[in-house]
């Protein structure tokens, strides 16, 4: 039985490669990664980052910071390489403190050779963490970017991450990436906070569609919700199946993983799929004369998994019970592949 399965897998792989060879398709990848508290070691008096300083509770020293950078760079440099030798055209990131940590990151290890550029805006988040986009300017030519603030009606005191929009061209086509990190699950009414974040994304996507119905749109991020939660399933109306997506609608590329019990993070012994990539209907179909979605991936390689202790089998994070264990992140990266005729 095992031999039969192995033969099937080999035939499938050869068939896929043959299709790419025959159709001469170009392959592009887009990724998202929650970097789990990528702070520098300096105390910013405007944010609550004291714990990530040398004298803070995490005893966040330059040595630990450099190890964190090296680990993050190692993971990002490996993303998408199976089909895209140059790596992803763009990587959305969250839980980063400022532009400085991003500059340090893209100049660390294998990332130095990727020639990545940065799009970043400071957000009003109380912990001082932002979202950002790292991108390859040779493949994704960014023409504009904007931070959409999260302004909760009736509560101007609530502060969280902005939604980042980067617009440009990929393979000669209009391409737009929205990077998110939605409010956490703290509090009884936290679901409403994420539903409002979803509504911001719908507003942005509708505006893009109105200007160009053929525009390709990617919504990515740590949504702090699963594909079946109201924010994703009802507000975004991101569909599980491709044939359910109507013009102007959205498709959730990660839902099938969720149905199989495969997640991007674990909390209290349960897998969640908060890290999602959702795409516009314009990226669906089999007319490869324009950019089309091929498949998605959760990058859960063995080296990213904790091998012992109570968190065995889960993402190998930076700290465990307050102790530095020199891991990576409490989230796995996620990515999608997009193809087009050469």
Before we move on, is residue 326 within 24 Å of residue 52 (Cα to Cα), surrounded by fewer than 21 Cβ atoms within 10 Å (Cβ to Cβ) and in contact (Cβ under 8 Å) with a residue 60 or more places away in the chain? yes
Any residue that is touching a helix residue (DSSP H, G or I) at 6+ places or on another chain (Cβ under 7 Å), modelled with pLDDT of 95 or more and in a helix (DSSP H, G or I) - is there at least one of those in segment 211-230? yes
From the list 276, 233, which one is surrounded by fewer than 19 Cβ atoms within 10 Å (Cβ to Cβ) and either under 16 Å from the mean Cα position of the chain (by Cα) or assigned to a helix (DSSP H, G or I) (or both)? 233
Hey, among 177, 200, which residue is closer than 23 Å to residue 335 by Cα and either in contact with a helix residue (DSSP H, G or I) (Cβ under 8 Å, 6 or more places away or on another chain) or assigned to a strand (DSSP E or B) (or both)? 177
Any residue that is within 30 Å of residue 339 (Cβ to Cβ), under 18 Å from the mean Cα position of the chain (by Cα) and modelled with pLDDT of 95 or more - is there at least one of those in segment 38-56? no
Restricting to segment 287-328, name every residue that is within 30 Å of residue 213 (Cα to Cα), outside any strand (DSSP E or B) and under 21 Å from the mean Cα position of the chain (by Cα). 291
Hand me the list of strands (runs of 3 or more DSSP E) wholly inside segment 96-149 holding 2 or more residues that are surrounded by 18 or more Cβ atoms within 10 Å (Cβ to Cβ) and in contact with a helix residue (DSSP H, G or I) (Cβ under 8 Å, 6 or more places away or on another chain). 130-135
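The values are calculated or read from the model by the stated rules, or taken from the named source; none is laboratory data. All of these numbers come straight from a predicted model, not from anything done at the bench. Heads up, the Cβs are rebuilt from the backbone with ideal geometry, glycines too, and the neighbour counts pull from every protein chain shown.
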